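Data first, discussion second: the structure below is written as structure tokens.
Quick note: the coordinates plus some simple rules give every number you see, no bench work behind them. All of these numbers come straight from a predicted model, not from anything done at the bench. Here the Cβ is made from the backbone with ideal geometry for all residues, glycine too, and neighbour counts use every protein chain on show.
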Amino acid sequence: MMGQAYDPSNVFARILRGEIPAQKVYESAYALAFHDITPAAATHVLVIPKEAHVSLVDFVANASPATIQGFFQAVTETARLMGVEESGYRILANHGPNSGQEVPHFHVHIVGGQPLGPLLAPASA
Ligand code: 5GP
């Protein structure tokens with residue numbers, strides 16, 4: 001299946017290029033982590049690969065194994081730096097229309113810092 005073309009004007013591409021600010025938490029050769037602008041929990045950080053990939057499917061299909069490993073190491077390192085490794089956290093990645101993915105640059109949400117409750121709120125539709 002052909003994926004959606006990468007749009008280099010998306011907001012996370014602009015953060016990577018330094019065109020708009022972000023509150024950075026961690027950076028490696030593979031990834032950048034920064035606070036979500038609209039936090040959904042006491043701790044809510046986004047981790048994005050430095051490479052341009054639209055979504056989880058694009059990332060897994062087209063990134064090298066070293067890049068995928070480096071990215072997920074950045075996710076766990078970011079959670080550790082945020083102090084939620086012991087208390088626990090959830091990671092989440094939206095893909096495709098039903099997920100409501102807003103920003104078309106693959107990212108993982110790390111949420112924690114409080115009890116997170118059930119995985120999903122009841123669907124409204
Ligand atoms: P998605 O729905 O695509 O999985 O999540 C996108 C996330 O990016 C949302 O939680 C939203 O609050 C966050 N976000 C959108 N624009 C910005 C921004 O300019 N800066 C930061 N730090 N987060 C953003």
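In this simple spin-label model, placing a label point 7 Å from the Cα along the Cα-to-Cβ direction at both residue 42 and residue 90 gives a separation of 1.6 nm. Here the spin labels are modelled as points 7 Å beyond Cα on the Cα-Cβ line, and at residue 19 and residue 123 they lie 3.5 nm apart.
With both labels modelled 7 Å from their Cα along Cα-to-Cβ, the residue 80 to residue 64 distance reads 2.3 nm. Per-residue ellipticity at 222 nm, computed for the chain from helices alone with -39500 (n - 2.57) per DSSP H run of at least four residues, works out to -7000 deg cm²/dmol. Looking at the chain, the pairs of alpha carbons with a distance over 19 Å make up 48% of the total.
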